[in-house]
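The structure appears below as structure tokens.
The values are calculated or read from the model by the stated rules, or taken from the named source; none is laboratory data. This one's a predicted model, so the numbers in the text were calculated from it and none came from an experiment. Counting neighbours? That spans all protein chains shown, and the Cβs are built from the backbone with ideal geometry, glycine included. Protein only, heavy atoms only, side chains kept; ligands, DNA and RNA dropped before computing areas. Shrake-Rupley method; radii C 1.70, N 1.55, O 1.52, S 1.80 Å.
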Amino acid sequence: MGEIEDAIERADREAFTRQPPKTLKGQIGYLLKQLGSAKAVAQELGVTADSVNRYRRGARKHARADVAAKIDDAVKARWQPLVRKRRQKQAAASGITVETRARFGYSAAVGTTDDGRFRRLTVHLPAEYAQRLFDARDAGASDQQMRGIIAEGFKEVYFQDGGGRAMGLSDVEINDIDYLDLDY
């Protein structure tokens with residue numbers, strides 16, 4: 001996963017109204033309900049169906065670190081899908097806030113500097129950019145394509161101030177992301 005997709009995942013997890021199961025037995029029980037069989041859970045996690053049943057019964061109290069991480073990710077990816085969907089629908093209607101520290105470069109008119117430099121920005125992007133970002137992620141867009149959507153939003157909202165300045169600015173690029181966080 002790329003930085004943008006990770007940021008969307010973190011924002012989705014903040015929307016949980018209840019915390020997902022923490023214990024191994026609880027997590028396996030939840031996955032069994034979601035996927036229907038020990039064989040399906042085993043295939044998802046890359047373990048045997050017998051291992052899944054041992055986890056379910058409590059015969060095995062701890063999974064290997066790599067398997068435990070896969071279990072945790074599988075549970076969080078399926079936890080409260082309606083809550084996530086509702087939050088994303090609200091974001092698509094009201095916009096998202098992007099906080100980042102990254103190197104921004106841009107193409108500008110002759111006589112101005114286009115040297116990229118690190119900036120720390122917190123910008124509220126309009127609803128159209130939120131919807132485009134979610135649509136791109138759902139369509140399997142690359143991290144670079146999603147960066148392009150956010151960069152376009154930064155260009156319009158931050159650099160051009162909604163059309164009030166820097167009209168000669170043509171392209172904005174986000175590079176060397178130190179961190180990126182989304183809130184909606």
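Here are the numbers:
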| item | result |
| --- | --- |
| Rounded percent of accessible protein surface that carbon and sulfur make up, the stretch 1-88, 1.4 Å probe | 50 |
| Residue pairs, from the table 22/76; 89/155; 25/61, whose Cα atoms sit over 19 Å apart | 89/155 |
| Among 119, 86, 18, residue whose mean-square fluctuation peaks in a GNM of the chain (springs only between Cα atoms under 10 Å) | 18 |
| The chain: radius of gyration over Cα atoms, expressed as a fraction of 2.2 N^0.38 Å | 1.31 |
| Prolate/oblate/rounded label for the stretch 1-67 (Cα gyration tensor, a/c 1.5) | prolate |
| The chain: angle of helix 3-14 to the longest principal axis, Cα-based, in degrees nearest 10 | 60 |
| Prolate/oblate/rounded label for the stretch 115-156 (Cα gyration tensor, a/c 1.5) | oblate |
| Rel. contact order, % - alpha carbon contacts under 8 angstrom, at least six apart, the chain | 26 |
| Per residue value of the accessible surface for the chain (all protein chains in place, 1.4 Å probe), Å² | 56 |
| Inter-label distance for residue 69 and residue 83, nm, one decimal - labels placed 7 Å from Cα along Cα-to-Cβ | 2.5 |
| Rel. contact order, % - alpha carbon contacts under 8 angstrom, at least six apart, the stretch 7-113 | 29 |
| Environment charge at residue 86 (Cβ cut-off 15 Å; Lys +1, Arg +1, Asp -1, Glu -1) | +4 |
| For the chain, built as a Gaussian network whose Cα springs stay under 10 Å, the top-fluctuating residue of 131, 34, 88 | 34 |
| Projected label distance in nm at residue 97 and residue 19, using a 7 Å step from Cα toward the beta-carbon | 2.4 |
| Tilt relative to the chain, helix 65-78 - C-alpha long axis, 0 to 90 degrees, to 10 | 70 |
| Stretch gain in nm, segment residue 121-residue 138, where the contour uses 0.36 nm per residue and the Cα spacing is subtracted | 3.5 nm |
| Within the chain, helix-based [θ] at 222 nm, where runs of 4 or more DSSP H residues each add -39,500 (n - 2.57), nearest 500 | -15500 deg cm²/dmol |
| Between helix 143-154 and the chain: long-axis angle, C-alpha atoms, 0 to 90°, nearest 10 | 40 |
